[in-house]
Amino acid sequence: MTPVTRQHVLGLYRKIFRIAKKWQSASGQTEETIQEKEYIKNEAKTLFRRNKNVTDPKLIKQCIEECEARIEIGLHYNIPYPRPIHLPPMGLAHKQGRMLQRQEKLRKISKPIYLKSHDEVS
């Protein structure tokens, strides 16, 4: 990891904790605010620790993009949790065969960047 990339990643990590410190839930309830702050901190710690040994520049760039996207979406919608996606059900493909494999591949490709690591952590 280059020094510039390292500074960028550490800056994102600090930014997340500053956001968590100032976070207010949409409902305004104290209990809910505390839960959301804890979720933000725990999610950041888990993902950053899991990716601390990543050395591939492309993968590092992808992780940075995901982090920035999740920050922006969380601030915009005022919810710390990843937004759900609505993909069409897999009712059109047969239970076996190339059609099912192709449809699964398309679903994987169409997954938004801000949800790439969410399924792995949860």
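The values are calculated or read from the model by the stated rules, or taken from the named source; none is laboratory data. Bear in mind the structure is a predicted one, so any value in this text is a computation, not a measurement. Positions of Cβ are backbone-derived with ideal geometry, glycine not excepted, and every protein chain shown enters the neighbour counts. Just so you know, the surface numbers come from the protein's heavy atoms only, side chains and all, with ligands and any DNA or RNA stripped out. Shrake-Rupley method; radii C 1.70, N 1.55, O 1.52, S 1.80 Å.
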Leu106 paired with Arg14, simple spin-label distance in nm, labels 7 Å along Cα-to-beta-carbon: 4.6 nm
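Using only the heavy atoms of the protein chains and a 1.4 Å probe, how would His76, His8 rank by accessible area, largest first? Present the calculation step by step, with values, prior to reporting the outcome.
Numbers: His76 135, His8 85 Å².
The most accessible residue leads, giving His76, His8.
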